[in-house]
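Okay, structure first, notes after.
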Amino acid sequence: MILLDRYILSAFARVFFLSLAAFVGIYLLVDFFEKVDDFIAHQAQVSSYLLYFANKIPVIAVQVAPLAVLMGTFMTLGGLTRTNELTAMRSAGISLFRITAPLLSAGLLLALLTLGVSEYLVPLSVRKINYLFLTEVKGQEQQLIARDRIWLREGNRIVNIRYAVPGQGVLRGITIYSLGNDFRLVQRTDADQAIYTDGRWIFDNATQRSFDPESGALTATEHHQKSQASLDRPPEDFGLARQDNEELGFRQLRNLAVKLEADGYDSTRYRVDMHGRLATPFASLIMAFLGIPFALRTARGASLALGIGISVGIGVTFYIFQATLLAFGYSGILPAAVAAWAPNLLFLLLGLWLMLSTRN
């Protein structure tokens, strides 16, 4: 049986690696045409081109690996069927489960490998890609400030922001310390949040405390439901300080979600992405399982064109379905775990139904 496993796995490996290389190559080509105008406009060096696309390879490979697994499974079983090798194996008393076990094992191994790459290598690659494209090519300034606690100094003021949502123009948990010439505290302003409206920041539920610069004693307290904030920075400045979720692994997303929840803020998006880091790699195992009944149903008609068509069709359907459910998770319609794992579960059930309805 070891010889049979090696034979099946060698056939699968050939198709898998060829498919993976083809999908990655097509993805890189499309991305190149999308980004080449920016590289040319900013007169980027050739090394920037090479480093950018070299760091793109792990990110793309993780995304297209399930498609390559599906195509490898489909074409391997299809090839065994066309040459009557599958019939010979069944005639020798080898069960369908035993024949497909190497393919499922390969899918599981690739899922675990993808999980490790997603956790450790992909975040590093995404950070490098963003740095190359935004900082070295476009020349945007990169501020190395923690995303969950931002500290700024503006003249004689020190600003602390618990959490920034620059895309929505929102700052949460704001404290502004105003200091005198001798660095003594003269005023402190606390606000639940600030919203960027018509080119200015507006405080919600702000409390302003004034202190005597000599003794440090509290002299006055004012509370305002709405007031104009003395912040001159646009939302984009706070956005540069934040990492994209793609730059974070599972453990970093989990730690950030816990911190945000401890501070009383919504961590839904980070919870969804956290579960997505675990669920997405196992799509390779699901695709290996799903490819078996499709290959058996098409039997001798499993041509290369059909294999590509079925693999791409199923893959696109899966990713559209996954993106839709993740959007429901981000909006709070579905729990984070359900939004991330439901595509895997539903396609697994589809594979089971097809397997049970396929004749031996």
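The values are calculated or read from the model by the stated rules, or taken from the named source; none is laboratory data. It should be emphasised that the depicted structure is a prediction, and the values quoted were computed from it without experimental measurement. All Cβ positions, glycine included, derive from the backbone under ideal geometry; neighbour counts span all protein chains shown.
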**Request:** Give segment 332-360 a look and list any residue that's at pLDDT 90 or above, farther than 15 Å from residue 274 by Cβ and either outside any helix (DSSP H, G or I) or under 19 Å from the mean Cα position of the chain (by Cα) (or both), or say none.
**Result:** 333, 342, 343, 344
**Request:** Looking for whichever is at pLDDT 90 or above and either out of contact with any Ser or Thr (no Cβ under 9 Å at 6 or more places or on another chain) or in a helix (DSSP H, G or I) (or both) here; the options are 68, 44. Which one fits?
**Result:** 68
**Message:** Taking the criterion of being more than 30 Å from residue 312 (Cβ to Cβ), modelled with pLDDT of 80 or more and either assigned to a helix (DSSP H, G or I) or under 20 Å from the mean Cα position of the chain (by Cα) (or both), would at least one residue in segment 96-106 satisfy it?
**Reply:** no
**Message:** Going residue by residue through segment 266-279, is there one that turns out to be at pLDDT 90 or above and small (Gly, Ala, Ser)?
**Reply:** yes
**Message:** I'd like the full set of residues that are within 14 Å of residue 18 (Cβ to Cβ) and modelled with pLDDT of 85 or more, limited to segment 74-93.
**Reply:** 74, 75, 76
**Item:** Filter pass, residue 119 being charged (D, E, K, R) and in contact with a Phe, Trp or Tyr (Cβ under 8 Å, 6 or more places away or on another chain)
**Value:** yes
**Complete:** Over segment 26-52, the set of residues surrounded by 12 or more Cβ atoms within 10 Å (Cβ to Cβ) and of a type in the set (Gly, Ala, Ser) is 44, 48
